[in-house]
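Quick notes on the structure that follows.
The values are calculated or read from the model by the stated rules, or taken from the named source; none is laboratory data. Fair warning: this is a prediction, and the values are worked out from it, not measured in the lab. Positions of Cβ are backbone-derived with ideal geometry, glycine not excepted, and every protein chain shown enters the neighbour counts.
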Amino acid sequence: MDLVALLAIQVLYAIASLALISVGLAIIFGMMRVINLAHGEFLMLGGYAAIVATNNGVNIWLSMLVVAPIVVGLIGVVVERTIIRFLYGRMIDTMLATWGLSLFLVGLTTAIFGNTTVGISAPLGSFQIGAYRTSAYTLFVIAVAAVVLAAIFAVMRWTRLGLIARGTMQNANMAAALGVNPPRVYAITFGVGAALSGLAGAVLAPVSGVFPTIGVAYVAKSFITVIGGGAAILTGTVSASALFGTINQIATFVTTPVFGEVALLGAAIVLIRLLPQGITGRFFRRGL
Amino acid sequence: MMLDVQGLRTGYGRIPILNGVSFSVNEGEFIGILGHNGMGKTTLLKALMGFLPATGGRVMFGHDDVTTVEPYRRARLGLGYVPQGREIFPGLTVYENLRMGCSTQDSAEEDIIAAVLEEFPRLKALLDRTGGALSGGEQQLLAMARCLCGDPRLVLLDEPTEGIQPSIIDEIVETLQRLRAKRGLTMILVEQNLDFIAALSQRILIIQKGAITREVAPAELGDASLVGEFVGIAT
């Protein structure tokens, strides 16, 4: 029974971390049709922002939950205003531009921080489940993911900003004809997506450490989750994270972490083969 | 004068469509625009709304020169647009579509929507349905109601009867006549349905090869030879 509880926590953690690293990309891709190949680097910047702030005396919780999302969100707005906004509707050009941005950010952080892994200690200890011990920080990551997803749902469903974002996503010209300023909506959306990526990178920094090329590891899983989830931003992210996270963690538990990754990728291939439009292209179509 | 268009030119890429359109609209007027397919009727409305950049000429909306103004700023100045094909937000509910229409308004959107729904009672029973699940006629009513939520001073209405059943066309005519009387609405109507345009318009402009070539009274639309020559539509 203790083992089942421990496994359940690990599965929830896998789902939560997948959802966290994917939701920023899902918002940017789902709402703006921009394939942001620098998404992994936004996560990496979030990690560095949290570490630098903490090392400079800022409370670690503030560093992770406030400083990192604000810093990366502002970087996102600058990127949108200076690069992305000139490339809307040109998907290949956007991919090339964000790929270039990704290489630039990797080079810049390597020059500043060096090609070594830096980290911060998890601010929570461990707790006992019967004969086993596990990190309390795992529960914190699960809680952050749950709060972030609930907050996005609430904003999208019940606020004027969420309504305008959904309307603009569906028909930007018509939204403009009704007085909405689409470029402003896009800038805010890109900034929010980047901020969420920064938050995810910061929250996961104590677990994984941070190094300049860590974004590569994040971006593949993020894209798999977003594509597997389909068009509905939130429902798609949650459902794909639940599926892939569960498969990944159970396979890891039964065999090894390497095979767990292989199982995740295999599941993604099967899913896209069976459901080319992703999970929400077939199920939960009215989900957000 | 509410709208003054002088020598307006625009097109798609290098293909010119409007070759110097000039006309004006007074406050409270309903103006109809008729012409063959491909003569530039829809392009004219898109250009007036700012979706196509003017390559020449000038558009004055009230005292504002809006020739190079972005669409969302024109909407905030009081230009309303009901496009061809309705362009309802398909994934939003009817109520959310109406809320989108309130984007330019500062007052409580519940009150604005309640007032607009009084003019479109058919929509009251559909508020929780998604826009994409409505019939063409219901979508047209929603598109008009959504536009009115922004309290526009001038409405650009593009082919509202296209693909709509006759009973709803009658409802649209009655609604627009009522709105003209109650709200003093000003409107530019692009339409191919001669009965519809004659029932609503005070003057009708004929557009040919991207320019306004003639102005006729609604009663003249009964002249089959004129209609055939300038409009190319059987009565």
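Of the residues in the stretch B:100-127, how many are small (G, A, S), more than 12 Å from chain A (Cβ to nearest Cβ), in a helix (DSSP H, G or I) and farther than 25 Å from A:R285 by Cβ?
Selection size over the stretch B:100-127: 2.
Consider A:A172 carefully, then state whether it is surrounded by fewer than 22 Cβ atoms within 10 Å (Cβ to Cβ), under 27 Å from A:M95 (Cβ atoms) and without any contact (Cβ under 8 Å) to a residue 40 or more places away in the chain.
yes
Given (1) of a type in the set (K, R); (2) over 17 Å from the mean Cα position of the chain (by Cα); (3) within 14 Å of chain A (Cβ to nearest Cβ), identify the lone condition not met by B:R9.
So the condition that B:R9 fails would be (3).
Anything in the stretch B:14-42 that is surrounded by 15 or more Cβ atoms within 10 Å (Cβ to Cβ) and either over 17 Å from B:D4 (Cα atoms) or of a type in the set (D, E, K, R) (or both)? List them, or say none.
Answer for the stretch B:14-42, where residues must be surrounded by 15 or more Cβ atoms within 10 Å (Cβ to Cβ) and either over 17 Å from B:D4 (Cα atoms) or of a type in the set (D, E, K, R) (or both): B:P16, B:I17, B:E29, B:L34, B:G35, B:H36, B:M39, B:G40, B:K41, B:T42.
Select, from B:T130, B:T175, the only residue that is of a type in the set (S, T, N, Q), more than 13 Å from chain A (Cβ to nearest Cβ) and buried (at least 17 other Cβ atoms within 10 Å of the Cβ).
Result: B:T175 is the single residue among B:T130, B:T175 that is of a type in the set (S, T, N, Q), more than 13 Å from chain A (Cβ to nearest Cβ) and buried (at least 17 other Cβ atoms within 10 Å of the Cβ).
Can you pull out every residue in the stretch A:120-139 that is part of a loop (DSSP other than H, G, I, E, B) and crowded, with 16+ Cβ neighbours inside 10 Å?
Answer for the stretch A:120-139, where residues must be part of a loop (DSSP other than H, G, I, E, B) and crowded, with 16+ Cβ neighbours inside 10 Å: A:I120, A:A122.
Applying the selection to the stretch B:128-172, what residues are under 18 Å from B:S103 (Cβ atoms), assigned to a helix (DSSP H, G or I) and under 15 Å from the mean Cα position of the chain (by Cα)?
Scanning the stretch B:128-172 gives B:L142, B:A143, B:M144, B:A145, B:R146, B:C147, B:L148, B:C149.
Condition (residue is surrounded by fewer than 23 Cβ atoms within 10 Å (Cβ to Cβ), touching a residue at least 40 places away in the same chain (Cβ under 8 Å) and small (G, A, S)) applied to the stretch A:176-189: is it met by at least one residue?
Checked the stretch A:176-189: at least one residue is surrounded by fewer than 23 Cβ atoms within 10 Å (Cβ to Cβ), touching a residue at least 40 places away in the same chain (Cβ under 8 Å) and small (G, A, S).
So which residues in the stretch A:140-162 are buried (at least 22 other Cβ atoms within 10 Å of the Cβ) and within 11 Å of another protein chain (Cβ to nearest Cβ), if there are any at all?
Scanning the stretch A:140-162 gives no hits.
Restricting the stretch A:18-43 to residues that are more than 11 Å from A:S222 (Cβ to Cβ) and assigned to a helix (DSSP H, G or I), which is nearest to the chain's Cα centre (by Cα)?
Ranking the candidates gives A:I27 first.
Say we look at the stretch A:166-212 and pick out the residues that are within 22 Å of B:G50 (Cβ to Cβ), of a type in the set (G, A, S) and assigned to a helix (DSSP H, G or I); which of these is farthest from the other protein chains (Cβ to nearest Cβ)?
Only one residue tops the list, namely A:A187.
What do you reckon, is A:W99 within 13 Å of A:V203 (Cα to Cα), among the aromatic types (F, W, Y) and surrounded by fewer than 17 Cβ atoms within 10 Å (Cβ to Cβ)?
No; evaluated as a whole, the condition is false for this residue.
Which residues, taken from the stretch B:48-87, are under 16 Å from B:R9 (Cβ atoms), in contact with an Asp or Glu (Cβ under 9 Å, 6 or more places away or on another chain) and more than 9 Å from chain A (Cβ to nearest Cβ)?
Once the filter is applied, which keeps residues that are under 16 Å from B:R9 (Cβ atoms), in contact with an Asp or Glu (Cβ under 9 Å, 6 or more places away or on another chain) and more than 9 Å from chain A (Cβ to nearest Cβ), the stretch B:48-87 yields B:R58, B:V59, B:M60.
Any residue in the stretch A:275-288 that's within 14 Å of chain B (Cβ to nearest Cβ): show its pairings with residues that are at pLDDT below 80 and in a helix (DSSP H, G or I) at Cβ separation under 7 Å, as long as the two are six or more apart or on different chains.
Filtered contacts from the stretch A:275-288: no entries.
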